Amino acid sequence: MSFIEEKLQTVQCDNCKDTYQDDDSGYAFWMNPNDAWECANDDGWTEEDDKHYCPNCFEYNDDDELIIGNSPKRN
C-alpha cells in the first residue's frame, strides 16, 4: 500500500471562521474550490467581495443589502 498527499479545499466563513460541511454527505473537503463553493452556496452560504459567509452570520435587510453580524446568530 502507498500513501499520496493530496491538497483539499473547503470554505471558511470570513465572519465566524466556521468551515462548511455538507450535512447530507458529511463531506467537509473537496478536490477543488469550485466544488466546495458550489455545495456551500447550495446550502445557503453567500459571497460578497470575495468573502464567504455562513447562513448564521448574515441576513438581507428590506433593501436587499447584505448585513454581516458581529457574532453568529443562534438558532
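The values are calculated or read from the model by the stated rules, or taken from the named source; none is laboratory data. Nothing here was measured: the structure is a model prediction, and the numbers come from that model. Every residue, glycine as well, gets a Cβ built from its backbone with ideal geometry; the counts of neighbours run over all protein chains shown. Note: areas computed on protein heavy atoms with side chains; ligands, DNA, RNA excluded. Shrake-Rupley method; radii C 1.70, N 1.55, O 1.52, S 1.80 Å.
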Leaving out ligands, DNA and RNA, what percent of the accessible area of the chain is carbon and sulfur, probe 1.4 Å? 40
Residue-ordered couplings for segment 50-67, obtained by feeding phi - 60° into the Karplus form 6.51 cos²θ - 1.76 cosθ + 1.60 and rounding to whole Hz (Gly and Pro as x), are 6, 10, 10, 9, 6, x, 7, 10, 8, 8, 10, 7, 5, 8, 6, 8, 6, 10
Per DSSP helix of 4 or more residues, -39500 (n - 2.57); summed, then divided by the residues of the chain. What does that give at 222 nm, rounded to the nearest 500? -4000 deg cm²/dmol
Charge dipole (the chain, unit charges on Cβ, about Cα centre) - positive-most of Cys13, Ser2, Tyr27: Ser2
Given H placed 1.01 Å from N in the peptide plane, which residues other than close sequence neighbours of Phe58 have an amide H under 5 Å from its amide H? Gly69
Relative to the longest principal axis of the C-alpha atoms of the chain, give the angle of the C-alpha long axis of helix 33-42, reported between 0 and 90° and rounded to the nearest 10°. 40
Of [x] 1.27; [y] 1.08; [z] 1.71, which is the value of Cα Rg over 2.2 N^0.38 Å derived from the coordinates here? [x]
